[in-house]
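The values are calculated or read from the model by the stated rules, or taken from the named source; none is laboratory data. Nothing here was measured: the structure is a model prediction, and the numbers come from that model. Note: ideal-geometry Cβ built from the backbone for every residue, glycine included; neighbour counts use all protein chains shown. Areas reflect the complete protein model, heavy atoms only, side chains present, ligands, DNA and RNA absent. Shrake-Rupley method; radii C 1.70, N 1.55, O 1.52, S 1.80 Å.
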Amino acid sequence: MSSPLAGKTIALAEGRQLEDLAKLLEKEGATTFRCPMLAILDAPDAKPINAWLRELAAGKFDIVVLLTGEGLRRLVAFAERAKIKDPVVAALGKVTLVTRGPKPGQALKEIGLKPDLVAAAPTTDGVITTLKRADLSGKTVGVQLYSESNPPLTDFLTASKAKVKAVQPYIYAPAADADRVVDLIQRAAGGAIDAIVFTSSAQVDRMFEVAGERNLQDAWKRALDRVKVASVGPVVSANLKQKGARVDIQPEQGFQMKNLVVHIKRALTGA
């Protein structure tokens, strides 16, 4: 059987689906270097999440914007622990559901629902473009965040005279110790890594953070000049480019692991 990625070493910053991604690449013959940058944890204070869920269950939202699949799954888990899962899922079925990209759509499918509106592009700007077509004045919009804030989105909603109710059901925490990240930087700078794969902006932030803390900016720059940099989609790519990194590999659409592997294989082998 042909192994198109034989002899290629690919570094993975992925945390949630690390083994799934590694298996897909190894099936193509690649050697993988695992360096998960971040762990995803429930928000430490359940009270604001449960309060948001109870408002949703009480029918107080008109629109719910889901930015990540992980966020919806965490919200459902919080609802289950609070013994309000059924009314929360029922309420989600009654509001207008807006998703950013395929992952929240897949998470909705897991609870028997589907989005009413899918962002024009899987970015905040794509969500805003899609919401511009809706009448938001006087509407209460629940927004599932994946970081502490999203000013472009919340400012747009406020300017559209909507009432914004935001919730952040999870946080990121460092998963790999800094020494492991340093090892990755040194390997890549020395030519031992052929490609590095980023699947979230937070992974990119962590990589640059460690490079700065350990005074390895020059080594990291050499690494970025040598390796192929793969991004799962436009949000991650924008963060990389903002930090001065080149993006060599990004699926044009279908921002999922299998499609990403296809593009990596094409970039490294020409196949």
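Given a 1.4 angstrom probe, I'd like the percentage of the accessible area of the range 1-117 that is carbon and sulfur, rounded to a whole number. Answer for the range 1-117: carbon and sulfur cover 51 percent of the accessible area. Translational diffusion coefficient of the range 162-271 (Stokes-Einstein, Kirkwood radius from Cα pairs, 25 °C, 0.890 mPa s): 163 µm²/s. Assuming charge only on the beta carbon of Lys and Arg (+1) and of Asp and Glu (-1), the dipole of the range 8-55 about its Cα centre is about 80 debye to the nearest 20. In a simple Cβ point-charge model (Lys, Arg +1; Asp, Glu -1; nothing else charged), the range 28-165 has a dipole of about 320 debye relative to its Cα centre. Computed log10 I(q)/I(0) for the range 55-132 at 0.15, 0.19, 0.23 Å⁻¹: -0.47, -0.74, -1.04, from the Debye equation with unit scatterers placed on every C-alpha and solvent omitted.
With the simple model of a label 7 Å out from the Cα in the direction of the Cβ, residue 106 to residue 171 spans 2.7 nm.
Summarise the long-distance tail of P(r) for the range 117-207 by giving the % of C-alpha pairs beyond 21 Å. Value for the range 117-207: 49 percent of Cα pairs lie more than 21 Å apart.
The residues of the chain present an accessible area of 47 Å² per residue when probed at 1.4 Å with all protein chains retained. Calculated [222 nm] ellipticity per residue, helices only, for the chain: -14000 deg cm²/dmol; basis is -39500 (n - 2.57) per DSSP H run with n ≥ 4, divided by all residues, nearest 500.
Dipole magnitude for the chain: about 520 debye, using +1 per Lys or Arg Cβ and -1 per Asp or Glu Cβ, origin at the Cα centre. Of 91, 5, 104, which is farthest towards the positive pole of the chain's charge dipole, taken about the Cα centre with +1 and -1 on the beta-carbons of Lys, Arg and Asp, Glu respectively? Comparing the listed Cα positions along the dipole, 91 ranks first. To make sure I understand the rule: partners must be aspartates and glutamates, Cα under 19 Å from the Cα of residue 85, and not fewer than 8 residues away in the same chain. Which ones qualify? Cα-Cα hits under 19 Å: 42, 45, 55, 62, 70, 110.
Lysine pair count for the range 116-228 with Cα-Cα distance under 14 Å and sequence separation of 8 or more or different chains is 4. Seen from residue 183, the other residues with C-beta closer than 14 Å to its C-beta sum to a net charge of +2, counting Lys and Arg as +1 and Asp and Glu as -1. Spin-label model, residue 209/residue 86: points 7 Å from Cα along the beta carbon direction are separated by 4.2 nm. Normalised by residue number, the volume inside the convex hull of the Cα atoms of the range 1-91 is 133 Å³ per residue.
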